[in-house]
């Protein structure tokens, strides 16, 4: 009887060691393109757990305080999809080049996601740009 329990215990440990979550992102880069100052900076990275164990995202951080990632709080079951929302603060006129680091229990535990684009102030266009716009509208 003792050998049976030992065998079952070793079998259970072996099975648990082979079960693995896998995270597969639809895209690892979000391009905001040209976005106006003060516009909505909320975007989402979509992913699927392609593994055979629940996926738990333990942490998502960004390279600065102007980018706030919000990972799912609940485990993502095998075959199911989830999303990590990213809110970029568009109050400052500047290029967007930020990295979001995601840490999980997946086969690849650390993934780097990127956002890019440019925040512009439409009220501060150059005279040349304003002339081009007025010519195109005619």
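Considering (1) surrounded by 12 or more Cβ atoms within 10 Å (Cβ to Cβ); (2) under 15 Å from residue 113 (Cβ atoms); (3) at pLDDT below 95, the lone condition that residue 64 does not fulfil carries the number (1). If only residues of the range 27-62 that are under 13 Å from the mean Cα position of the chain (by Cα) and in a loop (DSSP other than H, G, I, E, B) are counted, the one that is farthest from residue 93 (Cα to Cα) is 27.
Scanning the range 67-76 for residues that are assigned to a strand (DSSP E or B), surrounded by 15 or more Cβ atoms within 10 Å (Cβ to Cβ) and without any contact (Cβ under 8 Å) to a residue 24 or more places away in the chain yields a single hit, 68. Looking across the range 109-136, just one residue is at pLDDT 55 or above and more than 30 Å from residue 86 (Cβ to Cβ), and that is 126.
If I filter the range 77-102 down to residues being part of a strand (DSSP E or B), surrounded by 15 or more Cβ atoms within 10 Å (Cβ to Cβ) and touching a residue at least 40 places away in the same chain (Cβ under 8 Å), which single residue comes out as nearest to the chain's Cα centre (by Cα)? Checked the range 77-102; the qualifying residue nearest to the chain's Cα centre (by Cα) is 84.
The values are calculated or read from the model by the stated rules, or taken from the named source; none is laboratory data. None of the values given here were measured: they were computed from a predicted structure. Every residue, glycine as well, gets a Cβ built from its backbone with ideal geometry; the counts of neighbours run over all protein chains shown.
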